[in-house]
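Below is one structure, written out as C-alpha cells; the observations come after it.
The values are calculated or read from the model by the stated rules, or taken from the named source; none is laboratory data. For clarity, every value in this text was computed on a predicted model and none was experimentally measured. Reconstructed Cβ throughout: ideal geometry from the backbone, glycine too, with neighbour counts over all protein chains shown. To get the accessible areas, we keep the full protein, side chains included, count just its heavy atoms, and leave off ligands, DNA and RNA. Shrake-Rupley method; radii C 1.70, N 1.55, O 1.52, S 1.80 Å.
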Amino acid sequence: MGPLIRRRDSMSTPDDNEYRQARLAKLERLREAGVNPYPERYERTCMLARARELDDGTEGVRVAGRVMTARVMGKLSFLTLQDQSGRMQVSVRQDDVGKEDYKVIKKLLDIGDFLGIHGDVYTTRTGEKTVAARDFTFLGKTLRPLPEKWHGISDKESCYRQRYLDLLMNRETMDRFLLRSRLIRTMRSLLEAEGFIEVETPVLQTKASGAAARPFKSHHNALDMPIYLRIAPETWLKRCIVGGFDKVFEFARCFRNEGMDPSHLQDFTMLEYYCAYWNYEDNMAFTEKLIQTVLRDLFGTLELEIQGETIDFGGTWPRVTFREMILEDCGIDIDAHETADALREAILAQGIQLEDADRLGRGNLIDHLYKAVSRPKLKAPTFITKHPIDLSPLARRNDDNPRVADRFQLVVNGWEVVNAYSELVDPIDQRRRLEEQSQLKSGGDEEAMEMDEDYLLAMEHGMPPISGWGMGIDRFCALITNQPNLRDVVLFPLMKPVE
RNA sequence: GGGGGCAUAGCUCAGUCGGUAGAGCAGCGCCCUUUUAAGGCGCGGGUCGAAGGUUCGAGUCCUUCUGCCCUCACCA
C-alpha cells in the first residue's frame, strides 16, 4: 500500500513529477556505474552527535545518515548528514576518493539520499567539526525531494499525515517523541522498581467494561459474534489481583468512540496500575513521588513552563474534596442539598448556567458544577478527592459518608491527568452499583456501565483491599511538553483520507 | 452538530481594485578545492483543493463540496 499523499501532490500521476523522473534517471545511472543504490548494511562505528565530540585527527570513523544539505564544488563537497542523534558535516575531496567516485557525489547524489562516510575527523577553517571522507558508501536513493532546508515543513496537516517529514525536518518534533519514549521507559522502570509486574490484558472484548464510554464495535467472524475494543483495562487488571498478583500495571491502548478535540483522542494510551493493600491516600503519596521522580529524570527540574505559566510540581500537592472546592468557588455546599432538585435550585440561585441542568442527576450536577466553577482555576497540581458515589461505580464507598467515593483525581493546568481510587472490592455492593448503572443505561444514558457478570464472578472469589490508578499518557505527555493538542504527542494521529 | 479561519510550484510564501500566475529554496545544464541558507551564469517547473455560478475577463467575487486548524456543544 502506498503512503497517503495529498491530492495536490503528484502521487496520482507520479510519472509527470520532474523530481521523481530526475531521481529515477540517477538511480539507473548509479546501477550502470556499478553502485548498489539500496545496499543491505553499513558498518557504522559512531553516531553523528558522538562523532562531533571526537578530537581532530581521530582516524577511521564510520558515520552514516541522510544528506540534509549539500555544498558541492568542482573537486570538493561539504555535506550535512543527519541521523537520530543529530547532524554533522562531512567533506569529500576528489583527490581523496578518486574522480569516478567523486562524480557520484557531484552528479548522482540528491538531498535526502543516505550515505556512509569512512574518514578522519578535523575542524574546518570556519570552525566546523567535519569528517573528511577517505571513501564513502551510497546507502539509499530517495525518489522525492525533502521539504525546504531552511523553513522545513510547517503545514500542520502535512506534519500529521506525513509525520516522517515532520520528524526529519523539525528537531523539536523528534525531541518530543524521544521524550515520550523516555517518559514511558522511566514510568515502567519506576513501577518495576516498586515491585509492580507488567501484564497484558485483552483489547478485543465481548463486553466493553471498566469505564463510562461508548465503545468501537466490530465483529468476530470465526465466532460470529460482536466484539468491542476495550475502553479501559480496569476490570481485567483487578482480575489479576484476584488471581494473586499484588502489584500489576499495563500500558493499555484504549479506544473510545466519542467526539474528538484537542484533548480527546479516540485511540489513546492509559497507564493503569493496581496495588493490593493500598488505599487511595497511599496512592496519592505514591503519585507525588512517581511524577516528581519522572520529571526530575526527564527535565532535571520540577518547575515546568506550561501555557505561559510556570507550574511547580515540587512539595506536597494540595488535597481538596469536591465539597470544599465547590463551596469555596461558588458558595454552594453540596452536602446541604440531598436531592438533585434541591441542588439545581441552589445552582440557579447562584446564577450559574449549566447546559441541560434539568436532566442531570445529582452526581452529574456536582460534576458539571465543578467543571464550570472549579476545574478551570486549577493550575498547580491539585488532588481533588471524594467524588459523588454515583459517578464512581467501581470505587469504594467512603466509610463515614456513603454518598462519596474514596477517590482522587490529579488536576494540572485544568487537565485531569490521573484518576484513582480505593477499589470497590465488596461484590454485593458492586452488584448493586452495576444494577443502578444498567438501569441508567436502559433509561437511555449511553455512557452508563453495563452489568458485568463475569467480573462479579471474579470478585466473589475474593479481593484484598486495592487501590487502582490510571493516567492518560498522551495527556500527561502533552502537558509536560507544553503541547495544546494531544495529536502533537501521537506519531500518526488518525486522519480522514484525502480523496 | 453550531460558529470562525486556512488551502497558490516538491517545500516556505507573495499575489494590490477582478485584467498575461511570482520569489526564495529545491530541480536541470555549465563553472567552481574550505563551504555551511555556499557562490556565479543559464533553463525548466502550476488543474491556484474540487465543482458550479457572476463577469468581456476569476487565484481574487458568490454558492456547494472536500480536507485541515481553532472554538462552542457533546465527551473522561
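Listed by chain and number, the lysines placed with their C-alpha closer than 27 angstrom to that of A:K441 are A:K207, A:K217, A:K238, A:K371, A:K386; residues fewer than eight positions away on the same chain are left out. A viscosity of 0.692 mPa s and a temperature of 37 °C, combined with the Kirkwood radius over Cα pairs in Stokes-Einstein, give a translational diffusion coefficient for the range A:78-162 of 227 µm²/s.
Treating the angle as unsigned and between 0 and 90°, give the value, to the nearest 10°, between the Cα long axis of helix A:362-373 and the longest Cα principal axis of chain A. Taking Cα atoms only, the helix is inclined about 50 degrees.
Find the relative contact order for the range A:148-282 and round it to a whole percent, using C-alpha pairs within less than 8 Å whose residues are 6+ positions apart.
On the way: 186 pairs, mean separation 24.3, N = 135.
After rounding, I find 18 percent.
Computed over chain A, relative contact order equals 12 percent, with contacts defined as Cα pairs under 8 Å that lie 6+ residues apart. Sequentially through the range A:412-425, phi angles give Karplus couplings (6.51, -1.76, 1.60; θ = phi - 60°) of 9, 6, x, 9, 7, 9, 10, 10, 8, 7, 6, 6, 6, 10 Hz, Gly and Pro residues having no value and appearing as x.
Helix content alone sets the calculated 222 nm mean residue ellipticity of chain A: runs of n ≥ 4 DSSP H residues at -39500 (n - 2.57) each, divided across all residues, give -9500 deg cm²/dmol. Label-to-label distance, A:D400 versus A:E450, with points set 7 angstrom from Cα along the beta-carbon direction: 3.9 nm. Taking a ≥ b ≥ c as the square roots of the eigenvalues of the Cα gyration tensor of the range A:223-306, is the shape rounded (a/c under 1.5), prolate (a/b larger than b/c) or oblate? Oblate is the answer for the range A:223-306, as a/c is 1.5 or above yet b/c matches or exceeds a/b. For A:D135, the residues whose amide H sits under 5 Å from its own are A:H118, ignoring neighbours fewer than 5 places away on the same chain, with H placed 1.01 Å from N. The amide H of A:I311, built 1.01 Å from its N in the peptide plane, has A:L304, A:E305, A:I306 as neighbours under 5 Å, considering only residues 5 or more places off or on other chains. Taken one residue at a time, the phi angles of the range A:149-158 give Karplus couplings (6.51, -1.76, 1.60, θ = phi - 60°) of 5, 8, 8, x, 10, 10, 4, 4, 4, 4 Hz. Gly and Pro are set to x.
On the beta carbon distance between A:R253 and A:K99, with R0 = 51 Å, the FRET formula returns roughly 0.40.
The base-10 log of I(q)/I(0) for the range A:108-263, evaluated at q = 0.13, 0.14 Å⁻¹, reads -0.93, -0.98 [Debye formula, identical scatterers on Cα atoms, solvent excluded].
A:T301 to A:R359: FRET efficiency via 1/(1 + (r/R0)^6), r the Cβ-Cβ distance, R0 51 Å, to the nearest 0.05? Computed FRET efficiency for A:T301 and A:R359: 0.65.
Amide H contacts of A:V404 (H built 1.01 Å from N, in plane; Pro and chain starts excluded): A:I389, A:N398 sit under 5 Å, all sequence-distant by 5 or more or on other chains. Label point of A:N485 set 7 angstrom out along Cα-Cβ; within the range A:171-215, amide nitrogens under 15 Å from it belong to A:173.
What do you get for Rg/Rh over chain A if you use C-alpha atoms and the Kirkwood form of Rh?
On the way: Rg = 28.9 Å, Rh = 26.7 Å.
Over the Cα atoms of chain A, Rg/Rh equals 1.08.
Full extension of the chain segment joining A:S181 with A:E309 gains 43.6 nm, where the gain is 0.36 nm per residue of separation less the Cα-Cα distance. Among the protein heavy atoms of chain A, carbon and sulfur supply 49% of the accessible surface, probe 1.4 Å, non-protein parts ignored.
Put the Cα centre of the range A:75-151 next to the Cα centre of the range A:378-395 and the gap is 57 Å.
Dividing the convex hull volume of the alpha carbon atoms of the range A:392-499 by its residue count gives 182 Å³ per residue. In sequence order, the range A:199-210 has phi-based couplings of 10, 10, 10, x, 8, 8, 9, 8, 8, 8, 10, x Hz under the Karplus curve 6.51 cos²θ - 1.76 cosθ + 1.60, θ = phi - 60°, and Gly or Pro positions carry x. Listed by chain and number, the aspartates and glutamates placed with their C-alpha closer than 13 angstrom to that of A:K99 are A:D135; residues fewer than eight positions away on the same chain are left out.
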